[in-house]
1. Residue by residue through the range 111-126, note down the ones that are over 18 Å from the mean Cα position of the chain (by Cα) and modelled with pLDDT of 85 or more.
2. Determine whether the range 76-90 contains at least one residue that is assigned to a helix (DSSP H, G or I) and either closer than 17 Å to residue 394 by Cβ or at pLDDT below 60 (or both).
3. Just for the range 34-48: of the residues that are touching a helix residue (DSSP H, G or I) at 6+ places or on another chain (Cβ under 6 Å) and outside any loop (DSSP other than H, G, I, E, B), which one is surrounded by the fewest Cβ atoms within 10 Å (Cβ to Cβ)?
4. Tell me, which helices (runs of 4 or more DSSP H) wholly within the range 303-414 include 3 or more residues that are within 30 Å of residue 124 (Cβ to Cβ) and modelled with pLDDT of 85 or more?
5. Quick check: anything in the range 229-251 in a helix (DSSP H, G or I), over 29 Å from residue 398 (Cβ atoms), touching a residue at least 12 places away in the same chain (Cβ under 8 Å) and touching a helix residue (DSSP H, G or I) at 6+ places or on another chain (Cβ under 8 Å)?
6. Take the residues in the range 254-302 that are surrounded by fewer than 19 Cβ atoms within 10 Å (Cβ to Cβ) and not in a helix (DSSP H, G or I), then tell me which one is farthest from the chain's Cα centre (by Cα).
7. Of all residues in the range 392-401, count the ones that are surrounded by fewer than 23 Cβ atoms within 10 Å (Cβ to Cβ) and in contact with a helix residue (DSSP H, G or I) (Cβ under 8 Å, 6 or more places away or on another chain).
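The values are calculated or read from the model by the stated rules, or taken from the named source; none is laboratory data. Since we're looking at a predicted model, the values are computed, not measured. A quick note on method: Cβ atoms are made from the backbone with ideal geometry, for glycine too, and the neighbour counts reach across all protein chains shown.
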């Protein structure tokens, strides 16, 4: 005993995260162990569980290309999964980077095909996971704590551009809290990211309980969301997940057009991509609350824009920011790309037909199928978000968290052909009652008074 050297107690706190490849392999093995039905090998569920990891090799290729160009910037991160560089103008001739974006675009194409195919998959067998609900909750909670630890590690590079709302929110909240430390804004951003992931998880569980009538399916979707490498890769990028969290809660409130419109409107005000779902959702509520949905969406969207405009006016760069957005080539397919993406070094003329095809897809899905049920709204919403990855010129393909929760709901959903908006008028809908009162009041004001009859 005298010759033994006691190691310090800190050995129990020397927790090291696995690198990206290790996380990929172990999460894949755990996902198969939890959700793969070995007694029924030829099922859609089994194939979906395996194919959900399809984009990971492309992200690993981008990470490797980034590591070769910036070796020093990724040292000392404890094996953390690092995202690609933000808006870096790197040479298109880099074979790893080119192969990575090609892989991401090809994988996104498969997911788009899967979403459109889901429109024809009406019946679904009830396949329970290989672990009880209690075990899934315990495992998911442990994964969430691990992601919280991952989020508080040294700052990661920003993937994609932030809007005024998502970019200024941490600093504005920091000012409101009257903090002076330079790191406070970062901690506010981390808190928002964790809260957004938690909102996505809670929303999927509520959807499983209320709309799927299967709480276990919601818990399974939430657990797999935490297990997939994409969540760990972009865990701190709250401008990716905050709009998606609002979108998921719009699905939760789909029976209330006003609430769904508010959630989707605020999501569209925080990032541009939820606004592209307006046509699908408005046709979903056609003659079943579409006016209430559209009005609530418009109010929330205008409020978000007004908030962004107020922030810009206070900062004094309103005109410059608006000019920058209007001249941005990322979303204008008729301009040459200026940021890193699949289209780097490719003439803009090749991107324009892809953009036109995407607009045609939005136009078609706004009218077909009609009427839509909840399963079709989930499929078409995910397809619309996936379609952006093909023409968006700012790292298009890496924005997996935009559509990942919807994709997971497709994997675990039952038959939802009877999930339609409420046909009648909800007596508790304050917005509907207020709008009807305004219309009646306006009609009375427009009505001409009757002439007074003369006495005989």
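1. Result: 113, 116, 117, 118, 119, 120, 121.
2. no
3. If we take residues in the range 34-48 being touching a helix residue (DSSP H, G or I) at 6+ places or on another chain (Cβ under 6 Å) and outside any loop (DSSP other than H, G, I, E, B), then 48 is surrounded by the fewest Cβ atoms within 10 Å (Cβ to Cβ).
4. The qualifying helices (runs of 4 or more DSSP H) are 348-367, 374-391, 404-412.
5. no
6. Restricting to residues being surrounded by fewer than 19 Cβ atoms within 10 Å (Cβ to Cβ) and not in a helix (DSSP H, G or I), the top hit is 287.
7. The total comes to 0.
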